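Participant: Dropping a structure here in structure tokens format, bear with me for questions.
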Amino acid sequence: MAHDTAVLVLGGGSTGCGIARDLAMRGVDVTLVERGNLTDGTTGRMHGLLHSGGRYAVSDQASATECIEENEILREIASHCVEETGGLFVQRPEDSDEYFQEKLEGCRDCGIPATVLSGREARGVEPYLAEDVSRAIQVPDGAVDPFRLCVANALDAERHGARIETHAEVIDLLRDGDEIYGVEVRHDSGPGKRTHKSPGTTEEITAEYVVNATGAWAGQIGDMADLDVAVRPSKGVMTIMNVRQVDTVINRCRPKGDADIIVPHETTAILGTTDEEVADPDDYPEEQWEVDMMIDTLSELVPILEEARTIRSFWGVRPLYEPPGTGTQDPTDITRDFFLLDHDERDGVSGMSSIVGGKFTTYRAMAEEITDHVCAKLGVSATCATAEEPLPGSEDISVLEEGMDDFGLRSPIARRSNQRLGSRAADVLETDEPNPVVCECEGVTRAEVQDAIDQSGSDLNAVRIRTRASMGNCQGGFCCQNMATELHPRYDEATVREALDELFQERWKGERHALWGEQLSQAMLNYALHATTMNRDNDPAGASTQVDYAQFDGGA
């Protein structure tokens, strides 16, 4: 029978986009569907760590080895998405000497470069480390932007002929006896969707082969065809601080536990994380005590965190997979390795495989393994080239090292724009049109915003993940409306207002558990600005007197 596509990839996170890119580069006709924006699931809710493998060097050496190998590859093919921060595993007085030695030996056994620093040497690297940090292990951890990396994979997949459909939720698998031959999707009304189907309509997409790369949702996809995919979603809460208290990834040198890592990311620092199994990856409320615990515990490593401003918190779910028969009870004991499940071999149902488990750092290796598997099924002999071919934006690393004033912008803005855009910087920023800064906190200019709108349409949250606009200290209070203005005149007023509301609500969602001290003042200032200048609180009177300014006092 004729199919709409050769391979249908379910899931628009890092793994799904990596699979689509790999398949397309090998000449395979591929379509990817994602229920929301790209990175809508776990990928868009991680702490931004590019693992060296050091975190698993004692507990899961197979995963640690995979991490260091992929770490080195991503530094080459995605240089514009990676900041080479380095990492430290630091030891406090109550931390075990025996475990410190196990960590050091484990790193070396896995091929992870590891150097022991004294406490003084460690504070030479990171001056704000606590005085009672006695020593540290230095490893090649890094910080990675998951949004840009995921989008870069999707863009390259499209460049090689792939079809990427966002806002297309899988509502059923198409199964005929013991064969899966496609899916039924429902098209959403989200702005910027990459399809022309009408909102609310359904569509059947048929394929020679289906790949389930939905991460924590892989079990729900399996259920649609009565297939058991034993994913155990594990919630992790993270907290974002207003500035970079450290420029190096700081890990606590002790067995895995809550609140043991600080990741410098762009202009902020991300504190992580918790590990709690949840039944539903879409329903896992955050508790205030988790945020408080994160700050209190990590202040033991970097004391100035006690005085820092918390700007927001967020949470995601790890797609942990427990192989049948392991009998593991504690999710912290489940391996972070990945598994390829061929449902023909395992369940007697042909036409689909699932890729489960793993980590963001190993997304490319996961994509390569399942793409090899799919190509063997289809009789395609082409080999993988994703480890050698740079992603869009990283073709020429020298672009990232050029002067800060290349495009007549303020130096810090030019530098950060170059870092975000990589080798695309000249094409995007060299313009005869006015190019003011739209987002002051993150240094994002009009040219970058317009470039993102070209890619994503009116979806301002998609613009946000491509540029970091609205992700700085003000959390969109001073720039959301600027971003919305850039949609005119391409989009009508109703579309622009809807896009602005969605962006500002997404920003607010992460602030709700960080409303104290200076951040409370910032949130109240944002509210007053939007209520009094644009009547966005929908007060019929539209009067500034309706705002109770007394509530702003004492925030600090």
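Participant: Considering Asp95, Asp132, Asp188, which residue is more than 19 Å from Asn251 (Cα to Cα) and either touching a residue at least 60 places away in the same chain (Cβ under 8 Å) or charged (D, E, K, R) (or both)?
Facilitator: Asp188
Participant: Pull out all pairs, ordered by first then second residue, where Cβ-Cβ is under 6 Å, the residues are six or more apart or on different chains, the first lies in segment 241-266 and is within 14 Å of Met46 (Cα to Cα) and not assigned by TED's automatic domain parsing to the domain that holds Glu442, and the second is at pLDDT below 90 and assigned to a strand (DSSP E or B).
Facilitator: Every condition considered, the pairs that remain are Ile261/Gly272.
Participant: In segment 489-515, which residues are within 10 Å of Ile311 (Cα to Cα), touching a residue at least 12 places away in the same chain (Cβ under 8 Å) and of a type in the set (A, V, I, L, M)?
Facilitator: Across segment 489-515, the qualifying residue is only Ala514.
One line per residue, one yes/no per condition, for (1) assigned to a helix (DSSP H, G or I); (2) buried (at least 17 other Cβ atoms within 10 Å of the Cβ):
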{"position": "Asp280", "(1), (2)": "no, no"}
{"position": "Ile295", "(1), (2)": "yes, yes"}
{"position": "Leu301", "(1), (2)": "no, yes"}
{"position": "Val317", "(1), (2)": "no, yes"}
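Participant: I want to confirm something. Restricting to segment 321-363 and keeping residues that are modelled with pLDDT under 85 and either touching a helix residue (DSSP H, G or I) at 6+ places or on another chain (Cβ under 7 Å) or in a strand (DSSP E or B) (or both), which single residue is surrounded by the fewest Cβ atoms within 10 Å (Cβ to Cβ)?
Facilitator: So, considering only residues that are modelled with pLDDT under 85 and either touching a helix residue (DSSP H, G or I) at 6+ places or on another chain (Cβ under 7 Å) or in a strand (DSSP E or B) (or both), the one surrounded by the fewest Cβ atoms within 10 Å (Cβ to Cβ) is Asp337.
Participant: Only residues that are part of a loop (DSSP other than H, G, I, E, B), surrounded by fewer than 24 Cβ atoms within 10 Å (Cβ to Cβ) and not acidic (Asp, Glu): list them for segment 434-448, please.
Facilitator: Pro434, Asn435, Pro436, Cys441 - these are the residues of segment 434-448 that are part of a loop (DSSP other than H, G, I, E, B), surrounded by fewer than 24 Cβ atoms within 10 Å (Cβ to Cβ) and not acidic (Asp, Glu).
Participant: Looking only at segment 1-11, filter to residues that are buried (at least 24 other Cβ atoms within 10 Å of the Cβ) and over 12 Å from Tyr363 (Cβ atoms); which one of those is farthest from the chain's Cα centre (by Cα)?
Facilitator: This residue is Val7.
Participant: Now for a separate question. State whether one or more residues within segment 160-168 are at pLDDT below 95, more than 27 Å from Met352 (Cα to Cα) and in the same structural domain as Met366 (by TED's automatic domain parsing).
Facilitator: no
Participant: Which members of segment 334-374 meet the condition of being hydrophobic (A, V, I, L, M, F, W, C), more than 23 Å from Thr65 (Cα to Cα) and within 28 Å of the chain's Cα centre (by Cα)?
Facilitator: Matches in segment 334-374: Met352, Val374.
Participant: So Asp156 passes all but one of these: (1) surrounded by 15 or more Cβ atoms within 10 Å (Cβ to Cβ); (2) assigned to a strand (DSSP E or B); (3) not hydrophobic (A, V, I, L, M, F, W, C). Which condition number does it fail?
Facilitator: (2)
Participant: With Glu34, Glu94, Glu83, Glu76 as the choices, which residue is more than 30 Å from Thr166 (Cα to Cα) and either touching a Phe, Trp or Tyr at 6+ places or on another chain (Cβ under 7 Å) or not hydroxyl-bearing (Ser, Thr, Tyr) (or both)?
Facilitator: Residue meeting the stated conditions: Glu94.
Participant: Looking at segment 519-535, which of its residues are out of contact with any helix residue (DSSP H, G or I) (no Cβ under 8 Å at 6 or more places or on another chain) and part of a helix (DSSP H, G or I)?
Facilitator: If the condition is that a residue be out of contact with any helix residue (DSSP H, G or I) (no Cβ under 8 Å at 6 or more places or on another chain) and part of a helix (DSSP H, G or I), then Leu520, Gln522, Asn526, Tyr527, Leu529, Thr533 are the ones that fit.
Participant: Still on this model: Keeping to segment 241-270, report how many residues are in a strand (DSSP E or B) and either farther than 20 Å from Leu129 by Cβ or in contact with a His (Cβ under 8 Å, 6 or more places away or on another chain) (or both).
Facilitator: Summing the residues that are in a strand (DSSP E or B) and either farther than 20 Å from Leu129 by Cβ or in contact with a His (Cβ under 8 Å, 6 or more places away or on another chain) (or both) in segment 241-270 gives 4.
The values are calculated or read from the model by the stated rules, or taken from the named source; none is laboratory data. Only a predicted model underlies this, so the values are computations on that prediction, with no experimental measurement involved. Reconstructed Cβ throughout: ideal geometry from the backbone, glycine too, with neighbour counts over all protein chains shown.
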